[in-house]
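A.B. asks: First, the structure itself, so that you have it in front of you.
The values are calculated or read from the model by the stated rules, or taken from the named source; none is laboratory data. This is a predicted model, so every value here is computed, not measured. As a convention, Cβ positions derive from the backbone with ideal geometry for all residues, glycine included, and neighbour counts pool all protein chains shown. These accessible areas exclude ligands, DNA and RNA; they are computed on the full protein's heavy atoms, side chains included. Shrake-Rupley method; radii C 1.70, N 1.55, O 1.52, S 1.80 Å.
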Amino acid sequence: MGFKVVKFGGSSLADANQFRKVANIIKSDEKRKFVVPSAPGKRFSDDIKVTDMLYKCADLAGSGVDFSEPFNIIKERYNGIISELGVNISLDEDFDAIANELKARPSKDFAASRGEFLNGKVLAAYLGYEFVDAADVIIFDTNGVLLLDETVKAVRERVMNLPNAVIPGFYGRTTEGFVKTFSRGGSDVTGSIIANAVRAEIYENWTDVSGFLVTDPRIVENPDVIEVITYRELRELAYMGASVLHEDAIFPVRSAGIPINIRNTNRPEDAGTMIVSDDHDFKGESVAHTITGIAGRKGFSTINIEKAMMNSETGFGMKVLKALYENGLSFEHMPSGIDTMSITLDSAKLEPVRDKVLAQIRKEVNPDHLEIEDGIALLAVVGRRMKNTRGTVARIFAAMAHARINVKMIDQGSSELNVIIGVSEHDLNEAIRRIYDMFINSEK
């Protein structure tokens, strides 16, 4: 029988009631053998995360200031959860050890990691599972770089023969024995590594949303949930600003071909979003929509260059790119015509060298016309089905035309996985709404 690694975010473990939900989810499927918890998150909007309070303790300790006030709040938080759940466990020795360590060596990494460490102990006791300290199995080098091979070996040796285990997220230890936290995606990364190491059939990532949404709910009201998305589609949407798992949290399972299932702790009946490998067999897939997702970002500028017979001038593009390179600039997109070239760049990076870049382009290629247009937004329409669907780009243009939105740039890669559209920043939200209507609402 295959089994699953399940990770629960901070909001999923914020209080005793959430612990009960989590326990019910885990116990409802015997395949859920290995559990990766985060530290307690916010219980309400003005609440403070345990991790933030631990950082505060480290800051105060580092300044030689008494940190007992915030530390007592942390203790009360955990003891409250323990009391409500009726768990037979005391964290008093752990609290004393943490306080003594912070007084002796106020490390931010150590302080921040204790939220997961303590929550892991409580959850393991509540479930009746074995607690495995992440510092025993997640290994970093002296520079804080994860040693994946050593970690996978350590995880397998420690947990593979256990019937069940709780392994806290977010931290590990260096080869010198110091506690080290992940810089980004914390517990998501730990869950992904554990899933890789134990060869899980699936990595379930439980949070407070029912999967990834087709687009930003602040722009489109109640957008659909994406049922299935490939890693490449996810990467394209993330690059354009969609809030998704960080690349560091995806790599360990992507490399092992393990799918990720994003689920909602508060709505366990929802199927969520399944993230699958790029070579996943989609035969028999119920085709919901032509596109998978829409995401957009503001803050771009376009350098527009015009010159007669540009296309026949050898090295023209190379000279233009040389001007960017020598000023430390990379570009996002570069569509061109017979006599025109448009280069889209990050406005904030362009601003300090704006005049130098223009002067160098004039010197290198002597254009007939050269200008910079600011206030550009880029919008990505992403979908693996677009490649085999006729008229996708025409429908995008139709949606823009009906809204009287001027398309300033359009760029489609050879993979036909995504279409990038440039519009004025003030048109971005309306453009997203119109494309959503065209491809999602009209296909229902």
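A.B. asks: What is the one condition in (1) part of a helix (DSSP H, G or I); (2) touching a Phe, Trp or Tyr at 6+ places or on another chain (Cβ under 6 Å) that LEU378 does not satisfy?
C.D. replies: Looking at each condition in turn, LEU378 falls short on (1).
A.B. asks: May I pose another question? Check the range 114-127 and report whether any residue there is farther than 21 Å from ILE138 by Cβ, at pLDDT 95 or above and touching a helix residue (DSSP H, G or I) at 6+ places or on another chain (Cβ under 6 Å). Walk me through it before giving the result.
C.D. replies: Applying the first criterion (farther than 21 Å from ILE138 by Cβ) to the range 114-127 yields 125-126.
Next, only the ones that are at pLDDT 95 or above stay: 125-126.
Remaining after also requiring touching a helix residue (DSSP H, G or I) at 6+ places or on another chain (Cβ under 6 Å): 126.
Looking for residues that are farther than 21 Å from ILE138 by Cβ, at pLDDT 95 or above and touching a helix residue (DSSP H, G or I) at 6+ places or on another chain (Cβ under 6 Å), one finds at least one in the range 114-127, hence yes.
A.B. asks: How many residues does the range 374-404 hold that are at pLDDT 95 or above, open to solvent by 10 Å² or more (accessible area, probe 1.4 Å) and at negative phi?
C.D. replies: Here the count works out to 1.
A.B. asks: Further question on the same structure: Which numbered condition trips up PHE71, out of (1) modelled with pLDDT of 95 or more; (2) within 31 Å of the chain's Cα centre (by Cα); (3) closer than 23 Å to ILE167 by Cα?
C.D. replies: (3)
A.B. asks: Out of all the residues in the range 328-335, is one or more open to solvent by 10 Å² or more (accessible area, probe 1.4 Å), polar (S, T, N, Q) and within 26 Å of ILE291 (Cβ to Cβ)? First the steps, then the outcome.
C.D. replies: Let us first name the residues in the range 328-335 that are open to solvent by 10 Å² or more (accessible area, probe 1.4 Å), namely 328-335.
Cutting the leftovers down to polar (S, T, N, Q) gives us 330.
Now drop any that are not within 26 Å of ILE291 (Cβ to Cβ), which leaves none.
Checked the range 328-335: no residue is open to solvent by 10 Å² or more (accessible area, probe 1.4 Å), polar (S, T, N, Q) and within 26 Å of ILE291 (Cβ to Cβ).
A.B. asks: So is ASP141 more than 27 Å from ALA256 (Cα to Cα), touching a strand residue (DSSP E or B) at 6+ places or on another chain (Cβ under 8 Å) and of a type in the set (Asp, Glu) or not?
C.D. replies: Details: more than 27 Å from ALA256 (Cα to Cα): no; touching a strand residue (DSSP E or B) at 6+ places or on another chain (Cβ under 8 Å): yes; of a type in the set (Asp, Glu): yes.
No, not satisfied.
A.B. asks: If you take the residues of the range 1-60 that are of a type in the set (Phe, Trp, Tyr) and either without any contact (Cβ under 8 Å) to a residue 60 or more places away in the chain or outside any helix (DSSP H, G or I) (or both), which of them is surrounded by the most Cβ atoms within 10 Å (Cβ to Cβ)?
C.D. replies: At the first step, the residues of the range 1-60 found to be of a type in the set (Phe, Trp, Tyr) are 3, 8, 19, 34, 44, 55.
Next, from what is left, pick out any that are either without any contact (Cβ under 8 Å) to a residue 60 or more places away in the chain or outside any helix (DSSP H, G or I) (or both): 3, 8, 34, 44, 55.
Numbers: PHE3: 18, PHE8: 29, PHE34: 26, PHE44: 7, TYR55: 16.
That would be PHE8.
A.B. asks: With respect to the numbered conditions (1) under 22 Å from ILE410 (Cα atoms); (2) part of a loop (DSSP other than H, G, I, E, B); (3) of a type in the set (Val, Ile, Thr), which one is the sole condition not fulfilled by THR314?
C.D. replies: Just one mismatch for THR314, condition (1).
A.B. asks: Any residue at all in the range 305-321 that's modelled with pLDDT under 90, of a type outside the set (A, V, I, L, M, F, W, C) and within 17 Å of ALA380 (Cβ to Cβ)?
C.D. replies: Within the range 305-321, none of the residues are modelled with pLDDT under 90, of a type outside the set (A, V, I, L, M, F, W, C) and within 17 Å of ALA380 (Cβ to Cβ).
A.B. asks: Ok, one more. Out of the residues in the range 161-177 meeting the condition of being part of a loop (DSSP other than H, G, I, E, B) and within 11 Å of GLU116 (Cα to Cα), tell me which one is most open to solvent (accessible area, probe 1.4 Å). First the steps, then the outcome.
C.D. replies: Kept after step one, since they are part of a loop (DSSP other than H, G, I, E, B), are these residues of the range 161-177: 161-164, 167-170, 175-177.
From what is left, the residues that are within 11 Å of GLU116 (Cα to Cα) are 167-170.
Values: ILE167: 1, PRO168: 0, GLY169: 0, PHE170: 27 Å².
That would be PHE170.
A.B. asks: Working only within the range 258-274, note down all residues that are among the hydrophobic types (A, V, I, L, M, F, W, C), more than 10 Å from VAL228 (Cβ to Cβ) and not in a loop (DSSP other than H, G, I, E, B).
C.D. replies: Result: ILE260, ILE262.
A.B. asks: Here's another thing I want to ask about it. Which members of the range 96-110 meet the condition of being part of a helix (DSSP H, G or I) and either touching a Ser or Thr at 6+ places or on another chain (Cβ under 9 Å) or open to solvent by 30 Å² or more (accessible area, probe 1.4 Å) (or both)?
C.D. replies: So in the range 96-110, the residues part of a helix (DSSP H, G or I) come out as 96-104, 108-110.
The answer is ASP96, ALA97, ALA99, ASN100, GLU101, LYS103, ALA104, LYS108, ASP109, PHE110.
A.B. asks: Next up: Can you find a residue in the range 412-420 that is open to solvent by 50 Å² or more (accessible area, probe 1.4 Å), touching a helix residue (DSSP H, G or I) at 6+ places or on another chain (Cβ under 8 Å), on the phi > 0 side of the Ramachandran plot and not small (Gly, Ala, Ser)?
C.D. replies: Within the range 412-420, one or more residues are open to solvent by 50 Å² or more (accessible area, probe 1.4 Å), touching a helix residue (DSSP H, G or I) at 6+ places or on another chain (Cβ under 8 Å), on the phi > 0 side of the Ramachandran plot and not small (Gly, Ala, Ser).
A.B. asks: Sticking with this structure for a sec: For the range 204-213, indicate whether the set of residues that are farther than 24 Å from VAL419 by Cβ, in a loop (DSSP other than H, G, I, E, B) and free of Cβ contacts under 8 Å to residues at least 60 places away in the same chain is non-empty.
C.D. replies: Residues of the range 204-213 farther than 24 Å from VAL419 by Cβ: 204-210.
Subsequent filtering for residues that are in a loop (DSSP other than H, G, I, E, B) retains 208-210.
Next cut, free of Cβ contacts under 8 Å to residues at least 60 places away in the same chain only: 209.
Yes: one or more hits.
A.B. asks: Would you call ARG362 part of a helix (DSSP H, G or I), open to solvent by 80 Å² or more (accessible area, probe 1.4 Å), more than 30 Å from SER243 (Cα to Cα) and not hydrophobic (A, V, I, L, M, F, W, C)?
C.D. replies: Details: part of a helix (DSSP H, G or I): yes; open to solvent by 80 Å² or more (accessible area, probe 1.4 Å): yes; more than 30 Å from SER243 (Cα to Cα): yes; not hydrophobic (A, V, I, L, M, F, W, C): yes.
Yes: the conditions hold for ARG362.
A.B. asks: Pick out the one residue from GLU76, GLU69, GLU93 that is in a helix (DSSP H, G or I), of a type outside the set (A, V, I, L, M), under 30 Å from ARG267 (Cβ atoms) and open to solvent by 50 Å² or more (accessible area, probe 1.4 Å).
C.D. replies: Result: GLU76 is the single residue among GLU76, GLU69, GLU93 that is in a helix (DSSP H, G or I), of a type outside the set (A, V, I, L, M), under 30 Å from ARG267 (Cβ atoms) and open to solvent by 50 Å² or more (accessible area, probe 1.4 Å).
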